[in-house]
1. Given points 7 Å out from each Cα along the Cα-Cβ axis, report the residue 148 to residue 405 separation in nanometres with one decimal.
2. Can you classify the stretch 237-298 as rounded, prolate or oblate using the Cα gyration tensor, where a ≥ b ≥ c are the square roots of its eigenvalues, rounded means a/c under 1.5, and otherwise it's prolate if a/b beats b/c and oblate if not?
3. Three principal axis extents, largest first, for the C-alpha atoms of the stretch 198-311, in Å?
4. With a cut-off of 8 Å between alpha carbons and a minimum separation of six or more residues, what is the relative contact order of the chain in percent?
5. When the helices in the chain are scored as -39500 (n - 2.57) per DSSP H run of 4 or longer and the sum is shared across all residues, what 222 nm value do you end up with, to the nearest 500 deg cm²/dmol?
6. Can you give me the angle between helix 308-317 and the longest principal axis of the chain, using Cα atoms only, in degrees from 0 to 90, rounded to the nearest 10?
7. Solvent-accessible area per residue for the chain at a 1.4 Å probe radius, Å²?
8. To the nearest 10 Å², what's residue 413's accessible area with a 1.4 Å probe?
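The values are calculated or read from the model by the stated rules, or taken from the named source; none is laboratory data. Here the structure is a predicted model, which is why all the values come from computation and not from measurement. Here Cβ is always computed from backbone atoms with ideal geometry, including for glycine, and neighbour counts include all displayed protein chains. Please note that ligands, DNA and RNA were not included when accessible areas were found on the heavy atoms of the full protein model with its side chains. Shrake-Rupley method; radii C 1.70, N 1.55, O 1.52, S 1.80 Å.
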Amino acid sequence: MAINKVKGTYDVLPQESYLWQALEEKIRYILGLYNIREMRTPIMEYSEVFHRQSELSDMVTKETYDFDDRGDRRLTLRPEGTAGIIRSYVENKLYASQELEKVYYIGPNFRYERPQKGRYRQFYQFGVEAIGAIDPSLDAELIILAYDFIKRLGLKGVRVRINSLGDDVSRENYQKALVDHFTPHASSLCEDCQLRLHKNPLRILDCKIDGNHEAVKHAPTPQDYLTEEARSYFKAVLDHLNAAKISYEIAPKLVRGLDYYSHTVFEIEADIEGFGAQNVLGGGGRYQKLVKELGGPDLGGIGFAFGMERLLLALEAENVNFAKESELDAYVIVFDQKHKTLATKILYDLRQANLNVDTNFTGKSFKAQLKQALRYQAKYLIIIGEEEFNKGVVGIKNTQTEVQEEVLVSKVCKYLKEKMEK
Ligand code: HAM
């Protein structure tokens with residue numbers, strides 16, 4: 001019996017991989033413009049990288065893939081990129097250079113969520129982290145980058161939503177205000193939220209069960225509890241965004257679904273029908289305690305991540321033509337299988353000349369070979385027939401103009417190279 005893929009995972013099939021490659025190419029190109037280098041960290045980490053005392057989000061407490069390896073080490077498949085990057089930043093003492101470390105990453109993450117369109121158990125993120133500084137211009141730089149990225153992809157109708165959770169004092173005051181606000185409603189909140197009320201009231205705001213509860217709808221927002229300092233920090237971030245003429249909206253209720261954030265938080269949201277919560281293409285924010293919590297110095301950072309599947313779905317839904325499947329320069333066709341050795345020689349020579357070429361390997365009829373060549377959108381057909389073979393020539397046909405010429409075997413490379421240059 002055939003074995004199926006794991007629930008919530010998917011395969012990228014050969015006919016769609018060019019879309020992923022094009023997206024990754026775009027990412028690498030744009031990140032180059034911002035002088036950001038790639039970093040690659042393992043998919044599995046010791047569990048404590050993610051399961052930290054201060055992190056009580058659903059994502060970390062309920063959705064991680066945790067397991068013991070054969071040496072009884074407790075490991076977790078990463079549910080997000082940031083914590084692993086910070087673990088590595090600390091372990092490799094990247095802070096020692098005193099420089100701001102700006103990195104990006106592309107890779108799979110794992111969350112045990114209820115799968116649906118745009119939500120998977122294994123999904124890819126492209127993310128950026130700028131670690132080692134706190135400065136409003138840096139917060140703005142990352143928001144500008146996220147905005148620029150979406151613009152360059154060609155996605156329209158995308159909104160950048162921003163908020164501030166403020167510094168420690170602001171957050172503490174806000175948490176108190178939330179406790180005061182929710183306590184009279186405690187008995188009508190879900191079981192989890194009743195616990196959250198004491199442990200981490202902020203998480204009530206993004207509870208999937210209590211989302212429509214009146215008390216959640218009318219909860220106080222972080223903005224009302226910002227200290228003067230935090231308020232002016234946020235204003236400075238917005239001044240930078242205004243200077244770059246970035247369109248954004250302030251979203252007073254935005255708190256994000258992870259516990260490591262303080263100060264600036266933001267999300268990039270599309271408006272595609274039927275997408276629901278999956279309209280959130282990406283999000284991020286500032287984290288001031290994570291580096292220290294993972295054993296490093298008292299340094300802050302800011303970052304964001306986009307879900308790659310959601311980006312591809314949004315591009316498809318908006319009919320954005322951002323990638324083209326590669327075409328073949330030439331396809332070699334033989335009338336008779338006994339001429340395949342000549343085909344092998346020609347293919348090798350053409351590849352040495354950096355042309356992308358192919359042939360049929362399954363002994364198909366002439367007609368079937370032709371069909372395959374057209375499916376690969378070959379610009380030229382190199383046809384080896386009996387008569388031509390005996391004369392030491394091949395027929396080369398331009399599939400657009402349908403003009404066919406006889407070319408000496410020894411001149412095939414030169415002929416095609418010249419044609420390609422035109
Ligand atoms: P996040 O909001 O949990 O943030 O995830 C970022 C993006 O990943 C989401 O906006 C969504 O597009 C995508 N995503 C999340 N879960 C799934 C899923 N199950 N299936 C498909 N796509 C998904 C973070 O992960 C933070 N680490 C972002 C960050 C970086 N903050 C600071 N630095």
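1. If labels sit at residue 148 and residue 405, their model points lie 4.5 nm apart.
2. Here the stretch 237-298 falls in the oblate category.
3. Over the stretch 198-311, Cα extents along the principal axes are 42, 40, 30 Å.
4. 15 percent
5. -10500 deg cm²/dmol
6. Helix 308-317 sits at roughly 70 degrees to that axis.
7. 52 Å²
8. In the full protein context, residue 413 sits at about 40 Å².
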